[in-house]
């Protein structure tokens, strides 16, 4: 973890150098490993074949055959030692059918039994083969061949090269490879550091995130500036423009302007690239697209060299308009001072009315001034005459506004016939928790605009409330334990009791809760509460009919 944090702090050139060097090391090491592996395999194969060929040749020698028949090891020893020195083999051993040596590089071992345990295929099956085994001289690669006389096996020949001798040959190659690897690595380090530094200088030491941010900021700045901006390179070719430029300079699309010559865009203004083109010009009147423009020229200097110019254009008429607007600023300022004084008086009036107990008059002034909430207040007063329920809905409306949630209340709904037997406190607990949960669910699905819709009706025998959110829905696992105390999808402390309270209140009121999935992926929670005194379970047919009128969506949950 610490290494990853440190690596993230590396500059782009350091990362480039690191990855380049890593690639060089991996490639060289991989190439060396493969080369050594194939050298090992090829060397073993060649030496094994050589040993086997010599063993087969010696097995047909009359000297060896005669020596075995006569049991004369001195004759065989003299013969095979001369051959061993000529082929640079580590040993040539002649043995009889019992594995007793008749020759050996160390004469005192003649007459003793051969070591290695790999003679059976030659003595019993008559095969010639290559084997690797540990003998009296150590691990060796051997070529073995049986010796025949009159069609019978009378002994075998074993020609061997020690493994350590083979490794010495490979070791010499490794030293050569290490030298070459060091040279390649050294050259790679120098070249990589040079490229990284050159690359860093070319991009002014900026990191990829900074480059992306700079490009985005540049694009945003160009698009937000109300003046026309045209960037021209040292060859007089347009390389960048902003949207305003395409409108002012003939209505040409920005994509079409890029790549045009200055002579085509502004005929007669080639003097912009005269010898003194590094000089800045301010507020020069030019004619373009049958309009008088105010032009400003700024040279584009990169690493001390002139790389073109940046031209900005403003309509002369716009400057006139700006001067007119400037003259209106004093009037606006005076009017604001007057309005501030007026609102101060109104606040003082409201404060005075509250102090003398004229609450209705104070509320009237507040409602009249709060025009933004007038419509919702009028709707609630008309459709929800109960002050407790209306206050709850209005409070949630204000809370949604503060949290930037689009809280939509169905204009077709109404709660004008709520029976007195229905506990307002329990209704507040049920609706308050469900609406709060809908708010949280909508905010957790940030790519989508947070939206919660409340529908309500008292038509028929039940009070029906439907809360739909724009969240991600509820998992089946969460849905199974949704009413259990302490069960919540929130990580903060103090949660996990809301739905438990909702269930208790519904049970006390004889109500039910249906949970289903919305078409947009969110959740729909529909509450059914009996609206008659001492009423038991509601009529499912009637309630379902009303629910369908409220929401045509298919229920996917359980009631």
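Of the conditions (1) in contact with a strand residue (DSSP E or B) (Cβ under 9 Å, 6 or more places away or on another chain); (2) under 16 Å from residue 400 (Cβ atoms); (3) in contact (Cβ under 8 Å) with a residue 60 or more places away in the chain, residue 430 fails just one. Which one is it? It fails just one condition, (2).
Go over the candidates 12, 43 one by one and state the one that is touching a helix residue (DSSP H, G or I) at 6+ places or on another chain (Cβ under 8 Å), buried (at least 17 other Cβ atoms within 10 Å of the Cβ) and at pLDDT below 80.
Values: 43 fails: at pLDDT below 80.
Within the list 12, 43, the selection yields 12.
Rundown of residues vs (1) under 20 Å from residue 499 (Cα atoms); (2) within 48 Å of the chain's Cα centre (by Cα), yes/no style:
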| position | (1), (2) |
| --- | --- |
| 350 | no, no |
| 359 | no, no |
| 387 | no, no |
| 397 | no, yes |
| 407 | no, yes |
| 416 | no, no |
| 422 | yes, no |
| 444 | yes, yes |
| 453 | yes, yes |
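The residues in the stretch 20-38 that are touching a helix residue (DSSP H, G or I) at 6+ places or on another chain (Cβ under 6 Å) and closer than 13 Å to residue 173 by Cβ can be counted, and the count is 1.
Just one of the listed residues (50, 75) is under 17 Å from residue 140 (Cα atoms), in contact with a helix residue (DSSP H, G or I) (Cβ under 8 Å, 6 or more places away or on another chain) and part of a helix (DSSP H, G or I), and it is 50.
A residue that is assigned by TED's automatic domain parsing to the domain that holds residue 174 and on the phi > 0 side of the Ramachandran plot cannot be found anywhere in the stretch 32-44.
Based on what the data block shows, is residue 84 modelled with pLDDT of 85 or more and within 15 Å of residue 140 (Cβ to Cβ)? First the steps, then the outcome.
On the way: modelled with pLDDT of 85 or more: yes; within 15 Å of residue 140 (Cβ to Cβ): yes.
Answer is yes for this residue.
Scanning the stretch 377-400 for residues that are surrounded by 14 or more Cβ atoms within 10 Å (Cβ to Cβ) and over 18 Å from residue 366 (Cβ atoms) gives 383, 384, 385, 386, 389, 392, 393, 396, 399, 400. Residue pairs whose Cβ atoms lie under 6 Å apart, separated by 6 or more positions or on different chains, with the first residue in the stretch 127-145 and under 11 Å from residue 158 (Cβ atoms) and the second assigned to a loop (DSSP other than H, G, I, E, B), are 131/118; 133/116; 133/118; 135/115; 135/116; 145/128. Just wondering, is there one or more residues in the stretch 185-199 that are outside any helix (DSSP H, G or I), at pLDDT 80 or above and over 30 Å from the mean Cα position of the chain (by Cα)? Looking for residues that are outside any helix (DSSP H, G or I), at pLDDT 80 or above and over 30 Å from the mean Cα position of the chain (by Cα), one finds none in the stretch 185-199, hence no.
The values are calculated or read from the model by the stated rules, or taken from the named source; none is laboratory data. The shown structure was predicted, so the numbers you read here are calculated from the model rather than taken from an experiment. When we count neighbours, we look across all protein chains shown, and the Cβ atoms used for this are built from the backbone with ideal geometry, even at glycine.
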